[in-house]
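Enquirer: Okay, here's the structure, questions in a sec.
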Amino acid sequence: MNNTIEINTLKGYDAFAAYSAQPAARPKAAIIVIQEIFGVNEGIRAKCDEWAALGYLALAPDLFWRIRPGIELDADIPEQLQEAFGHFGTFDQQLGIEDIEATIHVARKLLEGGKVGAVGYCLGGRLAYMTAARTDINASVGYYGVGLDGLLGESHAIAHPLMLHIAQADGFVSPEEQARVHAGLDGHPKVTIHDYAGLDHGFAAQMGKRRDEQGARLADGRTADFFAQHLG
(Lines give C-alpha, C1' and ligand atoms only; values in the text may rest on other atoms or scores of the structure.)
Protein backbone atom coordinates (compact mmCIF):
# COMPACT_ATOMS: atom_id res chain seq x y z
CA MET A 1 0.00 0.00 0.00
CA ASN A 2 1.42 3.36 -1.03
CA ASN A 3 0.31 6.76 0.23
CA THR A 4 1.54 10.02 1.72
CA ILE A 5 1.78 10.59 5.44
CA GLU A 6 2.35 13.75 7.44
CA ILE A 7 5.32 14.05 9.80
CA ASN A 8 5.65 16.70 12.48
CA THR A 9 8.96 18.52 12.75
CA LEU A 10 11.06 17.90 15.86
CA LYS A 11 9.87 21.19 17.33
CA GLY A 12 6.29 20.38 16.41
CA TYR A 13 5.43 23.77 14.90
CA ASP A 14 5.19 22.52 11.31
CA ALA A 15 4.68 19.31 9.37
CA PHE A 16 5.90 17.91 6.07
CA ALA A 17 4.87 15.10 3.75
CA ALA A 18 6.57 11.77 3.24
CA TYR A 19 5.85 9.16 0.62
CA SER A 20 5.10 5.83 2.31
CA ALA A 21 5.30 2.36 0.81
CA GLN A 22 4.23 -0.54 3.01
CA PRO A 23 4.85 -4.24 2.48
CA ALA A 24 2.04 -6.76 2.23
CA ALA A 25 2.97 -8.33 5.57
CA ARG A 26 4.28 -6.88 8.82
CA PRO A 27 7.47 -4.87 8.06
CA LYS A 28 10.73 -6.42 9.18
CA ALA A 29 12.27 -2.94 9.53
CA ALA A 30 11.98 0.54 8.01
CA ILE A 31 14.15 2.28 5.43
CA ILE A 32 14.18 6.03 4.91
CA VAL A 33 14.93 6.87 1.28
CA ILE A 34 16.70 10.24 1.11
CA GLN A 35 16.09 12.22 -2.04
CA GLU A 36 18.51 13.65 -4.55
CA ILE A 37 18.37 17.34 -5.47
CA PHE A 38 15.34 16.47 -7.62
CA GLY A 39 12.88 16.03 -4.76
CA VAL A 40 10.66 13.05 -4.04
CA ASN A 41 10.14 12.30 -7.70
CA GLU A 42 9.04 9.19 -9.57
CA GLY A 43 12.45 7.55 -9.19
CA ILE A 44 12.58 8.01 -5.41
CA ARG A 45 9.03 6.70 -5.05
CA ALA A 46 9.96 3.67 -7.16
CA LYS A 47 12.90 2.96 -4.86
CA CYS A 48 10.51 3.06 -1.89
CA ASP A 49 8.22 0.61 -3.68
CA GLU A 50 11.14 -1.76 -4.23
CA TRP A 51 12.03 -1.75 -0.54
CA ALA A 52 8.39 -2.41 0.35
CA ALA A 53 8.42 -5.40 -2.03
CA LEU A 54 11.38 -6.72 -0.02
CA GLY A 55 9.42 -6.48 3.23
CA TYR A 56 10.43 -3.06 4.55
CA LEU A 57 8.36 -0.03 5.43
CA ALA A 58 9.83 2.69 3.19
CA LEU A 59 9.49 6.42 3.80
CA ALA A 60 10.76 9.25 1.60
CA PRO A 61 10.42 12.61 3.40
CA ASP A 62 9.99 15.76 1.32
CA LEU A 63 13.14 17.52 2.54
CA PHE A 64 12.66 20.51 0.22
CA TRP A 65 9.30 21.44 1.74
CA ARG A 66 10.69 24.66 3.22
CA ILE A 67 11.68 25.75 -0.29
CA ARG A 68 8.43 24.56 -1.85
CA PRO A 69 6.40 21.46 -0.98
CA GLY A 70 6.16 18.76 -3.59
CA ILE A 71 9.16 19.58 -5.79
CA GLU A 72 9.65 16.91 -8.48
CA LEU A 73 12.37 17.39 -11.09
CA ASP A 74 13.91 15.36 -13.91
CA ALA A 75 17.73 15.20 -14.22
CA ASP A 76 17.43 14.63 -17.96
CA ILE A 77 15.70 17.98 -18.59
CA PRO A 78 18.36 20.76 -18.60
CA GLU A 79 16.11 23.47 -17.19
CA GLN A 80 15.02 21.24 -14.34
CA LEU A 81 18.60 20.17 -13.67
CA GLN A 82 19.59 23.82 -13.27
CA GLU A 83 16.64 24.42 -10.97
CA ALA A 84 17.79 21.45 -8.86
CA PHE A 85 21.30 22.90 -8.54
CA GLY A 86 19.71 26.09 -7.24
CA HIS A 87 17.78 24.19 -4.60
CA PHE A 88 20.99 22.48 -3.48
CA GLY A 89 22.47 25.91 -2.82
CA THR A 90 19.56 27.16 -0.72
CA PHE A 91 18.69 23.95 1.13
CA ASP A 92 19.46 24.01 4.88
CA GLN A 93 21.18 20.67 5.45
CA GLN A 94 21.01 20.74 9.24
CA LEU A 95 17.25 21.29 9.11
CA GLY A 96 17.16 18.42 6.62
CA ILE A 97 18.88 16.17 9.16
CA GLU A 98 16.32 17.24 11.76
CA ASP A 99 13.54 16.26 9.37
CA ILE A 100 15.22 12.89 8.79
CA GLU A 101 15.44 12.43 12.57
CA ALA A 102 11.74 13.23 12.86
CA THR A 103 11.10 10.60 10.19
CA ILE A 104 13.18 8.08 12.16
CA HIS A 105 10.95 8.70 15.19
CA VAL A 106 7.79 8.17 13.15
CA ALA A 107 9.19 5.02 11.54
CA ARG A 108 10.05 3.52 14.92
CA LYS A 109 6.58 4.35 16.20
CA LEU A 110 4.97 2.69 13.18
CA LEU A 111 7.18 -0.36 13.71
CA GLU A 112 6.50 -0.35 17.44
CA GLY A 113 10.21 -0.12 18.18
CA GLY A 114 11.85 -1.85 15.22
CA LYS A 115 15.10 -0.92 13.49
CA VAL A 116 15.41 1.89 10.95
CA GLY A 117 17.91 2.37 8.16
CA ALA A 118 18.51 5.16 5.65
CA VAL A 119 19.71 5.20 2.06
CA GLY A 120 20.42 8.37 0.10
CA TYR A 121 21.65 9.47 -3.30
CA CYS A 122 23.77 12.50 -4.34
CA LEU A 123 22.68 15.16 -1.82
CA GLY A 124 20.95 12.26 -0.09
CA GLY A 125 24.25 10.37 -0.02
CA ARG A 126 25.78 13.28 1.86
CA LEU A 127 22.78 13.41 4.18
CA ALA A 128 23.03 9.65 4.78
CA TYR A 129 26.58 10.19 6.08
CA MET A 130 25.41 13.09 8.24
CA THR A 131 22.52 10.98 9.51
CA ALA A 132 24.99 8.27 10.55
CA ALA A 133 27.05 10.83 12.45
CA ARG A 134 24.27 12.95 13.96
CA THR A 135 21.41 10.54 14.76
CA ASP A 136 20.91 7.07 16.21
CA ILE A 137 19.92 5.48 12.88
CA ASN A 138 20.63 1.74 12.94
CA ALA A 139 22.36 1.58 9.53
CA SER A 140 22.96 3.97 6.63
CA VAL A 141 23.98 3.79 2.97
CA GLY A 142 25.19 6.70 0.85
CA TYR A 143 25.43 6.62 -2.94
CA TYR A 144 27.92 9.06 -4.52
CA GLY A 145 27.62 11.55 -1.69
CA VAL A 146 29.01 15.00 -2.42
CA GLY A 147 31.49 16.82 -0.20
CA LEU A 148 32.09 13.96 2.19
CA ASP A 149 35.74 14.91 2.59
CA GLY A 150 34.53 18.06 4.36
CA LEU A 151 32.62 15.96 6.90
CA LEU A 152 35.43 13.65 7.98
CA GLY A 153 35.74 15.51 11.27
CA GLU A 154 32.41 13.94 12.26
CA SER A 155 33.50 10.36 11.58
CA HIS A 156 34.19 9.68 15.27
CA ALA A 157 30.43 10.02 15.89
CA ILE A 158 29.46 7.22 13.50
CA ALA A 159 28.31 4.53 15.93
CA HIS A 160 26.32 2.26 13.60
CA PRO A 161 27.16 0.64 10.25
CA LEU A 162 27.59 2.93 7.25
CA MET A 163 28.16 1.84 3.64
CA LEU A 164 29.34 4.23 0.93
CA HIS A 165 29.19 3.71 -2.82
CA ILE A 166 31.76 5.86 -4.64
CA ALA A 167 31.62 6.47 -8.39
CA GLN A 168 35.26 6.79 -9.39
CA ALA A 169 34.43 8.85 -12.51
CA ASP A 170 32.11 11.15 -10.55
CA GLY A 171 31.92 14.53 -12.24
CA PHE A 172 31.03 16.18 -8.93
CA VAL A 173 33.58 14.46 -6.65
CA SER A 174 37.20 14.67 -7.79
CA PRO A 175 39.72 11.82 -7.42
CA GLU A 176 41.49 13.93 -4.78
CA GLU A 177 38.30 14.23 -2.75
CA GLN A 178 37.69 10.52 -3.09
CA ALA A 179 41.22 9.80 -1.89
CA ARG A 180 40.66 11.96 1.19
CA VAL A 181 37.45 10.06 1.97
CA HIS A 182 39.32 6.76 1.77
CA ALA A 183 42.19 8.07 3.89
CA GLY A 184 39.76 9.29 6.53
CA LEU A 185 37.41 6.32 6.62
CA ASP A 186 39.17 3.15 5.45
CA GLY A 187 40.19 2.31 9.01
CA HIS A 188 36.82 3.09 10.57
CA PRO A 189 35.31 -0.06 12.12
CA LYS A 190 31.75 0.92 11.18
CA VAL A 191 32.36 2.07 7.59
CA THR A 192 32.45 -0.01 4.40
CA ILE A 193 33.35 1.64 1.08
CA HIS A 194 32.78 0.26 -2.41
CA ASP A 195 34.36 1.89 -5.47
CA TYR A 196 32.90 1.69 -8.99
CA ALA A 197 35.53 2.16 -11.68
CA GLY A 198 34.44 4.16 -14.71
CA LEU A 199 31.02 5.03 -13.33
CA ASP A 200 29.72 8.58 -13.00
CA HIS A 201 27.52 10.38 -10.52
CA GLY A 202 23.94 9.08 -10.56
CA PHE A 203 24.79 5.62 -11.90
CA ALA A 204 22.19 3.99 -9.64
CA ALA A 205 19.34 6.34 -10.54
CA GLN A 206 16.14 4.35 -10.81
CA MET A 207 15.50 5.59 -14.34
CA GLY A 208 16.83 7.99 -16.95
CA LYS A 209 20.05 8.53 -18.87
CA ARG A 210 22.36 8.51 -15.84
CA ARG A 211 21.65 4.90 -14.90
CA ASP A 212 24.26 2.20 -15.50
CA GLU A 213 22.36 -1.07 -15.27
CA GLN A 214 25.27 -3.31 -14.26
CA GLY A 215 26.65 -0.85 -11.72
CA ALA A 216 23.23 -0.11 -10.26
CA ARG A 217 22.41 -3.77 -9.80
CA LEU A 218 25.77 -4.44 -8.14
CA ALA A 219 25.45 -1.52 -5.72
CA ASP A 220 21.79 -2.19 -4.95
CA GLY A 221 22.54 -5.84 -4.26
CA ARG A 222 25.24 -4.84 -1.80
CA THR A 223 22.84 -2.41 -0.15
CA ALA A 224 20.12 -5.05 0.16
CA ASP A 225 22.58 -7.49 1.77
CA PHE A 226 23.82 -4.74 4.10
CA PHE A 227 20.33 -3.91 5.33
CA ALA A 228 19.42 -7.59 5.66
CA GLN A 229 22.45 -8.01 7.92
CA HIS A 230 22.02 -4.92 10.06
CA LEU A 231 18.24 -4.39 10.14
CA GLY A 232 16.99 -7.98 9.96
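The values are calculated or read from the model by the stated rules, or taken from the named source; none is laboratory data. Everything quoted here is computed from the prediction, not taken from an experiment. Heads up, the Cβs are rebuilt from the backbone with ideal geometry, glycines too, and the neighbour counts pull from every protein chain shown. These accessible areas exclude ligands, DNA and RNA; they are computed on the full protein's heavy atoms, side chains included. Shrake-Rupley method; radii C 1.70, N 1.55, O 1.52, S 1.80 Å.
Enquirer: In angstroms, what radius of gyration and Dmax does region 145-185 have, counting Cα atoms only?
Expert: Over region 145-185's Cα set, Rg and Dmax evaluate to 10.3, 30 Å.
Enquirer: Enumerate the calculated ³J(HN,Hα) couplings along region 192-202 in order (Karplus 6.51 cos²θ - 1.76 cosθ + 1.60, θ = phi - 60°), each rounded to whole Hz, writing x wherever the residue is Gly or Pro.
Expert: Working through the residues one at a time gives 10, 10, 10, 9, 10, 5, x, 9, 9, 3, x Hz.
Enquirer: With +1 on the Cβ of every Lys and Arg and -1 on the Cβ of every Asp and Glu, and nothing else charged, how large is the dipole of region 177-232 about its Cα centre, in debye rounded to the nearest 20? All intermediate terms of the calculation are to be shown ahead of the outcome.
Expert: Numbers: 7 positive and 8 negative charges, 27 e Å.
That gives region 177-232 a dipole magnitude of about 120 debye.
Enquirer: Per residue of region 28-42, in order, report the coupling 6.51 cos²θ - 1.76 cosθ + 1.60 (Karplus, θ = phi - 60°) as ³J(HN,Hα) in whole Hz, putting x for Gly and Pro.
Expert: Per-residue couplings from phi come out as 7, 5, 10, 10, 8, 9, 9, 5, 7, 6, 9, x, 7, 9, 4 Hz.
Enquirer: Chymotrypsin sites (Phe, Trp or Tyr not before Pro), restricted to region 157-232: which are DSSP loop and have at most 14 other Cβ atoms within 10 Å?
Expert: Details: sites: Phe172, Tyr196, Phe203, Phe226, Phe227; in loops: Phe172, Phe203.
Counting only loop positions with at most 14 other Cβ atoms within 10 Å, the chymotrypsin sites (Phe, Trp or Tyr not before Pro) in region 157-232 are Phe172.
Enquirer: Here is a further query. As a test of reading the structure, rank Ser140, Ser174 by solvent-accessible area (1.4 Å probe, protein chains only), most first. Before the final figure, lay out each step's value.
Expert: Details: Ser140 0, Ser174 40 Å².
Putting Ser140, Ser174 in descending order of accessible area: Ser174, Ser140.
Enquirer: Explain nothing, just the number: relative contact order of region 137-232, from Cα pairs under 8 Å at least 6 residues apart, as a whole percent. Mind showing how you got there, number by number?
Expert: Working: 138 pairs, mean separation 27.8, N = 96.
Normalised by residue count, the contact order of region 137-232 is 29 percent.
Enquirer: Could you state the orientation-averaged shadow area of the convex hull built on the Cα atoms of region 38-91, in nm² to one decimal?
Expert: Values: hull surface 15.5 nm².
The Cα convex hull of region 38-91, projected and averaged over all directions, gives 3.9 nm².
Enquirer: Skipping prolines and chain starts, which residues have an amide H placed within reach, meaning under 5 Å, of the one on Arg210, given they are 5 or more residues away or on another chain?
Expert: Residues meeting the amide H criterion: none.
Enquirer: How much of the DSSP beta bridge set in the chain is antiparallel, as a percent to the nearest 5? Display every interim value, and only then the final one.
Expert: Details: 13 of 36 bridges.
Looking only at bridges with both residues in the chain, the antiparallel portion is about 35 percent.
Enquirer: Additional query: Stokes-Einstein D for region 96-199 at 4 °C, 1.567 mPa s, Kirkwood Rh over Cα pairs, in µm²/s? Write down the numbers at each step before the final one.
Expert: Values: Rh = 13.8 Å.
Once the numbers are plugged in, D ends up at 94 µm²/s.
Enquirer: Return the long-range amide H neighbours of Ile31 (sequence gap of 5 or more, or a different chain), with a cut-off of under 5 Å between placed amide H atoms.
Expert: Leu57, Ala58, Leu59, Gly117
Enquirer: Here's another thing I want to ask about it. Let me cross-check Arg66: its accessible surface, 1.4 Å probe, with only protein heavy atoms counted, in Å² to the nearest 10?
Expert: 100 Å²
Enquirer: For the chain, divide the Cα radius of gyration by the Kirkwood radius and give the resulting Rg/Rh value with two decimals. Each step should come with its number before you reach the end.
Expert: Numbers: Rg = 16.2 Å, Rh = 17.4 Å.
Over the Cα atoms of the chain, Rg/Rh equals 0.93.
Enquirer: I need the per residue convex hull volume for region 1-100, using only the alpha carbons, in cubic angstrom as a whole number.
Expert: Details: hull volume 8.9 nm³, N = 100.
Each residue corresponds to 89 Å³ of Cα convex hull volume.
Enquirer: If you average the sequence gap of Cα pairs under 8 Å that are 6 or more apart and divide by the length of region 1-157, what percent do you get for the contact order?
Expert: Values: 322 pairs, mean separation 35.4, N = 157.
Dividing the mean separation by the residue count of region 1-157 yields 23 percent.
Enquirer: All other residues with a Cβ under 12 Å from the Cβ of Gly145 taken together, and with Lys, Arg as +1 and Asp, Glu as -1, what is their net charge? Mind showing how you got there, number by number?
Expert: Working: positive: Arg126; negative: Glu36, Asp149, Asp170, Glu177.
Taking every Cβ under 12 Å from that of Gly145, the sum is -3.
Enquirer: Between Rg and the Kirkwood Rh of region 138-211, both from Cα atoms, what is the Rg to Rh ratio? Mind dumping the intermediate values first?
Expert: On the way: Rg = 12.3 Å, Rh = 12.7 Å.
Using only Cα positions, Rg/Rh for region 138-211 is 0.97.
Enquirer: Right, another one. Out of residues 5 or more away from Trp65 or on other chains, whose amide H comes under 5 Å of its own, with H placed 1.01 Å from N in the peptide plane?
Expert: Sorted by chain and number, the residues that satisfy this come to none at all.
Enquirer: I've got another one for you. What is the gain in length, in nm to one decimal, between Asn3 and Ala53 on full extension, counting 0.36 nm per residue of separation less the C-alpha to C-alpha distance? Kindly include the intermediate steps, with their values, before the conclusion.
Expert: Working: separation 50, 0.36 × 50 = 18.00 nm, distance 1.48 nm.
Extra length from Asn3 to Ala53 when fully extended: 16.5 nm.
Enquirer: Give the residue from Ala169, Thr135, Gly153 lying farthest towards the positive end of the charge dipole for region 102-179; charges sit on Cβ (+1 for Lys and Arg, -1 for Asp and Glu) and the dipole is referred to the Cα centre.
Expert: So the residue furthest toward the plus end is Thr135.
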